[in-house]
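The values are calculated or read from the model by the stated rules, or taken from the named source; none is laboratory data. Being a predicted model, the structure only gives us computed values, none of them experimental. Cβ placement follows ideal geometry from the backbone for every residue including glycine, while neighbour counts extend to all protein chains displayed.
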Amino acid sequence: MIKAIFFDIDGTLVSFKTHHIPASTIKAIEMAKSKSVKIYISTGRPLPLITNLSEIKHLIDGYITTNGALCFYGDEVISCRPIPHDDVMKMIELSDRIGFPFMLVGEKDLTMYNNNEDSERIFRQLLNVQNLRTDNNIEPILRQRILQLSPVISKAEEEKIMPYLKGCISGRWHPDFTDITAQDANKGNGLLDIIARQGISIDETMAFGDGGNDMSIIQKAGIGVAMGNANEELKEIADYVTTSGDDDGIYNAIIHLL
C-alpha cells in the first residue's frame, strides 16, 4: 500500500511548455490525498523559487529541495547537507576565471553570481523564475550553509570543473546548466530522511521524475515512475514508464498503480 508519493516539479508536475500543472495532475493528487497518501515535492529548486505550485500547495505535506540538500516536513527541517566551504570558494574562483554564471543557494538566500544573458534566458524565460536576485555581493550568503551551486555550463564544461569540487556531485536535468550539491545530497537520500521521520517503509513509497537529478529517487522508491518525456537512462531504471506530463502522465500512472 502506497503511503507517500514524491513528485519532481519541472517536466513532471509542471509542463515545460505551459509552465502550469495539468488539470489531470491536480485531479490525480486530490485522489491520492483522499486515500490518505502523503504528498511530497522532490525538486532541484530551492524553496524560495518554488513559486509554480499554487494549485496544489494546500495538498503538499513536505519538500525535498535543492536535490536533497534541505528537506522539510511542513515547516520542520528534517535534514540539511551543505556543500564544503572549500568547494564553494573554488566555484567562485572558477566562475570568475572562466566566465560563467552560477546560482549560489544558501540556506536562506540565493543569487545569480556573474549573471549574464544566458542565465537570464534560461531561468527567467524558459523556467519562468521571476524572483531571482542577480547580486555579486555574496558575503551575506557565504555566512550561511550553502546548499547548491547551479552553473550555466555545458556537459563538457561540467566534466572539466567537477574534479576541482572534491566534496560534490552533479545532477543535470537541463542541457544548459547543472545542479551541484554535497556528495551525500540527492533526492533518494531526501526520501529516506523523510520516510524515516514519518515511519513509512520504502515499499510504501512512489516517486515521479523526468531528469538526471531524479535517478537516485527513482531507484530508491518502492515504485519509481519515469515520465514519457524523461531521458532514456531514467526510463531504463524505472519500474514504470508513463506518458508525458502534457499527456496526463501522472494521472495515468496513479490510476494504474495506486
Before we move on, is ILE21 part of a strand (DSSP E or B) and either crowded, with 17+ Cβ neighbours inside 10 Å or of a type in the set (Lys, Arg) (or both)?
no
So which residues in region 8-42 are closer than 21 Å to VAL105 by Cβ and in contact with a strand residue (DSSP E or B) (Cβ under 6 Å, 6 or more places away or on another chain)?
ASP8, THR12, LEU13, TYR40, ILE41, SER42
Restricting to region 70-117, what's the tally of residues that are under 22 Å from the mean Cα position of the chain (by Cα) and at positive phi?
1
When the residues of region 43-62 are filtered to those that are of a type in the set (Gly, Ala, Ser) and in contact with a strand residue (DSSP E or B) (Cβ under 9 Å, 6 or more places away or on another chain), which remaining residue is farthest from ARG145 (Cα to Cα)?
GLY62
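Inspect region 38-57 for any residue being out of contact with any Cys (no Cβ under 8 Å at 6 or more places or on another chain), assigned to a helix (DSSP H, G or I) and modelled with pLDDT of 95 or more and give the result as yes or no.
The answer is yes, given that some residue of region 38-57 is out of contact with any Cys (no Cβ under 8 Å at 6 or more places or on another chain), assigned to a helix (DSSP H, G or I) and modelled with pLDDT of 95 or more.
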I need the full set of residues from region 217-244 which are in contact with a strand residue (DSSP E or B) (Cβ under 8 Å, 6 or more places away or on another chain) and either in a loop (DSSP other than H, G, I, E, B) or touching a residue at least 60 places away in the same chain (Cβ under 8 Å) (or both), in order please.
ILE217, ALA221, GLY222, ILE223, MET227, GLY228, ALA230, ALA238, ASP239, THR242
Whether any residue in region 186-196 is surrounded by fewer than 24 Cβ atoms within 10 Å (Cβ to Cβ), of a type in the set (Val, Ile, Thr) and outside any strand (DSSP E or B) is what I want to check.
yes
Verdict on GLY99 being out of contact with any Gly (no Cβ under 9 Å at 6 or more places or on another chain), of a type outside the set (A, V, I, L, M) and more than 21 Å from ARG81 (Cα to Cα)
yes
